[in-house]
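Colleague: Input: one structure, supplied below.
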Amino acid sequence: MSNQPKGAIAGLGVTPMGKIYGRRSVDFAAEAIALALDDAGLQKSDIDGLLINANLSGDMDVRAQMTLGFENLSLVNVMSAYGSTAGSMMQYACMAIREGLAKTVVLVYADAPLSASRGAGQSYAGPHRYPLGGMAGLRAAYGNFGANAEYAMAARRHMHLYGTTPEQFGTIAVGQRKWAQLSPWAQMKQPMTMEDYYNSRFIAEPLRLFDCCLVSNGAVAVIVTSSERARDLRQKPVNVLGYAQCAPGDNLRTDRHPAVETGAKRSGEMAFRMAGITLDDIGTCQLYDCYTYTVLVTLEDYGFCAKGEGGAFVADGKLGPGGALPTNTGGGQLSGYYMWGFTPLSEAVVQARGQGGERQAPRNDFVLVSANGGILNFHSTIILSAQASGG
Amino acid sequence: MPQAATKPVPIPDDLSAPFFDGARDRKLMLQHCSACDSWSFPVRERCPHCFAAKLTWRQASGRGTLYTFTVMHQVMNPGFASAVPYNVAQVDLDEGVRMVSNVVGTGNDALRIGMKLEVVFEDVSDEIRIPKFRPVAG
């Protein structure tokens, strides 16, 4: 069975994360790219492709190439499917490399929404974010701001249909905090008990503070090249064996239920077929976790358990340290750092290389990465492995 | 004493004017496509189902069921500082479209997914009135 790699990750750069004030997104991006080049053993002049993930702050556009000082690129663009973009960037980088459009492509996400003068919860909020014209104004008049309310409503629907409980969401949050304590990159290091989870304030019922992701200043850069070229570089290549997108959209028709049936299903099926492996081969998952609920519903839609059984599936703590399915081993976005799809992607590289140290998953032959954007509108899947193929 | 922030008031644009004009007359107006016989929401220029260029405004029944809801505690906009905890709800209208609104006339604790709802209209300024929903009596 020949499932040849689509490309390989040769370098990873992760800056310090969190409340690091007074720096622009593009400066974090420069730091992350420098770290990734060093990690890969590459020179800046080796880079001929740059894909930039548009961020929520809106300050990473294509002119970042000039600020970053890249010259003579043969591939450059800004991409956005919100949090799902990391997966589509990986696809387009690998395809471009296979097509001969570029040899070595940097993928970068950077954002710096946190400032000392306002709370993290207001980083992406405030009146300036909410226009009042037309239907957008109607949304504002109902007090429906940001993603919290929408994901809360999705989680509530799931609880109603399947009996999913806050305890099960809390198990995910507590497990990921344990992982975060083992990661040098994670923002949240203090222990969290289930009692702490229940004591965290409601943001949008049923979601509590500890159901919600962090906000981070920082950047992640990943260097993608061909699988062949990656073998000559400093790090053990992490091969990209499969990838797929699924964007379910939402026409707001009452006969569809994108809140509880996500793009992970189709995206996962396509990516696994491409990689030539099955769920049983996956040793560790790095799943997009803007909220605890996102992890739960993604596991269901990938098929780790039946639809509606995600709560029972996670309840025994199998996602946490020592569990049967180590998931979000860097703490994820809940307790690690919030870099959209680059949070799961970055930790997946660490795990596939076997560089996780205390948090290393025992089985890392195949690593499953998900990314999700909008209100479960966009989904991407990547399957990574230090092995040369899934066959 | 500092003046309390007010809740955001929508500013109708050309596209949404029939919706807000209808609400002022206490009618829930939605767009309907005669080419593919389907309703759509929110307001847009052409049918999202078949791309027909012309959508017709029709009065909806104003009846629906509660699909899901949240009770908001985080103050994301200063106009809602004194409103928390308030609900935001998705209402499945009998016409087959799902819209976000608020459920009024009952406590947040009494909200139940699947409960029958009907439209009511609330003034948010002297000029603007918006549709909300309340439990159907009985």
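Read-outs throughout are calculated quantities, based only on the coordinates presented, and are distinct from any laboratory measurement. In this text, all values refer to a predicted model and were calculated from it rather than measured experimentally. In this analysis, Cβ positions are derived from the backbone assuming ideal geometry, glycine residues included, and neighbour counts consider all displayed protein chains.
Colleague: Applying a 10 Å radius around every beta-carbon, put A:327-336, A:263-272 in order of their mean neighbour count, most first.
Modeller: By packing density, highest mean first, the sequence is A:327-336, A:263-272.
Colleague: Just to confirm my numbers, what's the Cα centroid distance between the range A:312-391 and the range A:5-84 in Å?
Modeller: Computed from Cα coordinates, the inter-centre distance equals 21 Å.
Colleague: Residue farthest toward the positive end of the dipole of the range B:52-138, with Cβ of Lys/Arg at +1 and Asp/Glu at -1: which of B:Val104, B:Ala83, B:Gly64?
Modeller: It is B:Gly64.
Colleague: Right, next: Note down the magnitude of the dipole of chain A about its Cα centre, charges +1 on Lys and Arg C-beta and -1 on Asp and Glu C-beta and zero elsewhere, to the nearest 20 debye.
Modeller: My answer is approximately 280 debye.
Colleague: Here's another thing I want to ask about it. How much FRET efficiency would the formula 1/(1 + (r/R0)^6) give for B:Val120 and B:Ile11, where r is the Cβ-Cβ distance and R0 is 22 Å, rounded to 0.05?
Modeller: 0.50
Colleague: Can you say what percent of the DSSP beta bridges in chain A, counting only those with both residues inside, are antiparallel? Round to 5.
Modeller: Given both bridge residues lie in chain A, the antiparallel proportion sits at roughly 70 percent.
Colleague: Run the numbers on chain A and let me know its relative contact order in percent, using alpha-carbon pairs under 8 Å that are six or more apart.
Modeller: This gives 26 percent for chain A.
Colleague: Same structure again: At most 14 other Cβ atoms within 10 Å and a DSSP loop assignment: could you name the chymotrypsin sites (Phe, Trp or Tyr not before Pro) in the range B:1-66 that fit?
Modeller: Hits after loop and neighbour filter: B:Phe51.
Colleague: Please get the size of the charge dipole for the range A:225-309, origin at its Cα centre, with Cβ charges of +1 on Lys and Arg and -1 on Asp and Glu, quoted in debye to the nearest 20.
Modeller: 340
Colleague: Now for a different question. Calculate, in nm to one decimal, what B:Asp25 and B:Asp94 gain on full extension: separation in residues at 0.36 nm each, minus their alpha carbon distance.
Modeller: 22.8 nm is the gain from fully extending B:Asp25 to B:Asp94.
Colleague: Which whole-number percentage describes the relative contact order of the range A:215-315, with Cα contacts under 8 Å and a sequence gap of 6 or more?
Modeller: Here the relative contact order equals 21 percent.
Colleague: Specify which residue in the list A:Trp185, A:Val78, A:Ala306 is farthest towards the positive end of the charge dipole of chain A, using unit charges on the beta carbon of Lys, Arg (+1) and Asp, Glu (-1), about the Cα centre.
Modeller: Value computed over the given set: A:Val78.
Colleague: As a test, work out the antiparallel percent of DSSP beta bridges whose residues both lie in the range B:17-135, rounded to the nearest 5.
Modeller: Given both bridge residues lie in the range B:17-135, the antiparallel proportion sits at roughly 95 percent.
Colleague: Compute the FRET efficiency between B:Asp37 and B:Val84 as 1/(1 + (r/R0)^6), taking r as their Cβ-Cβ distance and R0 = 51 Å, and round to the nearest 0.05.
Modeller: 0.80
Colleague: If you place +1 on the Cβ of every Lys and Arg and -1 on the Cβ of every Asp and Glu, how big does the dipole about the Cα centre of chain B come out, in debye to the nearest 20?
Modeller: Around 260 debye, computed over chain B.
Colleague: Got the relative contact order for the range B:17-135 handy, in percent, Cα pairs under 8 Å and 6 or more residues apart?
Modeller: Result for the range B:17-135 is 24 percent.
Colleague: Which value in nm describes the separation of the simple spin-label points at A:Asn72 and A:Ser117, placed 7 Å from the Cα toward the beta carbon?
Modeller: Between A:Asn72 and A:Ser117, the simple spin-label model gives 4.4 nm.
Colleague: Cross-link list A:Lys265/A:Lys307; A:Lys19/A:Lys189; B:Lys27/B:Lys54: which exceed 18 angstrom alpha carbon to alpha carbon?
Modeller: B:Lys27/B:Lys54
Colleague: Please give the per residue volume of the convex hull enclosing the alpha carbon atoms of the range B:17-135, rounded to a whole number of Å³.
Modeller: With only Cα atoms used, the range B:17-135 gives 115 Å³ per residue.
Colleague: Subtract the Cα-Cα distance of A:Asp316 and A:Asn199 from 0.36 nm times their separation in residues, and report this length gain in nm to one decimal.
Modeller: This chain segment gains 40.0 nm when fully extended.
Colleague: Amide H to amide H, which residues 5 or more places from A:Ser216 or on other chains are under 5 Å from it, using H placed in the peptide plane?
Modeller: Here the answer is A:Tyr338, since their amide H atoms fall under 5 Å of that of A:Ser216.
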